[in-house]
Amino acid sequence: SSAASDVYKRQILDLSKIEAGTLEFIYSDVDVNSLLTEIEQSSRIRNRHPEIQISFEERLPQCIIHTERNRLTQVINNLLTNSMKFTTRGSIRFGYRQEGDKLRFYVKDTGCGIPADKIDSVFGRFVKLNNFQQGTGLGLSITKSIIEQKHNGTIEMESEPNEFTRFTITIPIQ
């Protein structure tokens, strides 16, 4: 479909811009709860498995941070889109908590999981653990670059095959 090819083109363009240092970042004060509520609503609309519950579950009563709204949205959406591709039962839950001077975001699903020997490669470029799924294999690579280079953060993943996959992003609060 042309929508899919547009996504691929945008991902390749984003990756090129990240490497060239020309990807635009406009920082502003962002209401994290309102941003994640919007993402939750759009994810529920995009979800093709109505039996899967998608929920924004953990949050602070109020949280406004100075960050790049579009890129934070892109990162969380990339993780949720991945979860939606590989989860056919159960739930996809996400949220965040404060730990000292950092915010820790997570996306956890009850999908097919990732074998231990493949975990190190998921952030590589053009890596697709399932060639039958749509995608370029660039989403997680872009996500990692944005988090590390532009938010001075980290991204980690843990998974148990046939049980769950959990991505955790930690960024300093500005």
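Could you tell me the accessible area of residue 63 in Å² (1.4 Å probe, neighbours in place), rounded to the nearest ten?
Only protein atoms counted, so the area is about 10 Å².
Per residue of segment 74-88, in order, report the coupling 6.51 cos²θ - 1.76 cosθ + 1.60 (Karplus, θ = phi - 60°) as ³J(HN,Hα) in whole Hz, putting x for Gly and Pro.
Using θ = phi - 60°, the values come out as 4, 5, 5, 4, 4, 5, 5, 4, 4, 4, 5, 5, 10, 10, 10 Hz.
Work through the residues other than residue 97 whose Cβ is under 12 Å from its Cβ and net out their charges, Lys, Arg +1 and Asp, Glu -1.
Cβ neighbours under 12 Å give a net charge of 0.
The values are calculated or read from the model by the stated rules, or taken from the named source; none is laboratory data. Since this is a predicted model, take the numbers as computed values, not measurements. Using ideal geometry, Cβ is built from the backbone for each residue, glycine included, and neighbour counts are taken over all protein chains shown. To get the accessible areas, we keep the full protein, side chains included, count just its heavy atoms, and leave off ligands, DNA and RNA. Shrake-Rupley method; radii C 1.70, N 1.55, O 1.52, S 1.80 Å.
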